[in-house]
Amino acid sequence: MIPLLALLLTGGIFILWLVRKGATLTAREALVNYLDARRRGRTEEAYCYLSAAARAVCSPAEYKEANSLGSGLIAELVGRHVSFAVERIEENPERAVAWVAVTAPDFRLMLGEICRTLDPARLPEDSLAAQTFLCRRISGFLDTYQRDGLPLRTKVETYLLHRETNGWKIAAAPLSDAIAFPYHPAEAQGVAHYGDGA
């Protein structure tokens, strides 16, 4: 009985420490933790950094579905090329606005190159020839990116944070970050979103 009580007491103290630690994070620390969780696909952790208003329009399951990175292999290959730096943060006791430089592969450029090269109209009718065509083209992309590196793009995005009783929370992500919050037209009215900043 005593070991069980000791275990429960230790667990309770640990949970209290975690809650207190979250409440003492600075706005910058909370934002960095949120961005890191998003980059790594840790949706449950990222969801905990959302404000109460943001969580009210998006359940944990919806958030996970919208933000899951899918295959761990692809997430690792792409994720290691994503980085961010908080360039500036302006805050008062209740609100903070942060400008974050996010560097990531230039997905639009890469997909454009892939679509031009893998044009279905150029795919041979013969199955084995089609296999050769696809394998050679995809291998060519992988070889080029491995040799020259992925094309990267840096964009400055703006995040709004609110201080709540349990610490700083992400109140709004950039407009370009729409996947972070599945669209609910009726519920989204009146929710402020701050777009990309420079």
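For this structure, a couple of remarks:
- The one condition in (1) at pLDDT 80 or above; (2) more than 18 Å from Leu35 (Cβ to Cβ) that Ala198 fails to fulfil: (1)
- The range 36-58 residues that are in the same structural domain as Thr165 (by TED's automatic domain parsing) and free of Cβ contacts under 8 Å to residues at least 60 places away in the same chain, paired with ones that are part of a helix (DSSP H, G or I) and polar (S, T, N, Q) (beta carbon under 6 Å, 6 or more apart): Thr43/Asn67
- Screening the candidates Val78, Val86 for the property of being assigned to a helix (DSSP H, G or I), assigned by TED's automatic domain parsing to the domain that holds Glu44 and β-branched (Val, Ile, Thr) yields one hit, Val78.
- Candidate set from the range 125-160 (those that are basic (Lys, Arg) and without any contact (Cβ under 8 Å) to a residue 12 or more places away in the chain); member that is nearest to Phe107 (Cα to Cα): Arg147
- Subset of the range 133-165 that is of a type in the set (Ser, Thr, Tyr) and at pLDDT below 90 - its residue that is nearest to Tyr49 (Cα to Cα): Tyr145
- Yes/no for Ser68 being within 24 Å of Ala30 (Cβ to Cβ) and among the small types (Gly, Ala, Ser): yes
- Looking only at residues of the range 59-69 that are assigned to a loop (DSSP other than H, G, I, E, B) and in contact (Cβ under 8 Å) with a residue 12 or more places away in the chain, we find that the one that is surrounded by the most Cβ atoms within 10 Å (Cβ to Cβ) is Leu69.
- Selection count where residues are among the basic types (Lys, Arg) and surrounded by 19 or more Cβ atoms within 10 Å (Cβ to Cβ), scope the range 28-58: 2
The values are calculated or read from the model by the stated rules, or taken from the named source; none is laboratory data. None of these values were measured; they are calculated from a predicted model. Every residue, glycine as well, gets a Cβ built from its backbone with ideal geometry; the counts of neighbours run over all protein chains shown.
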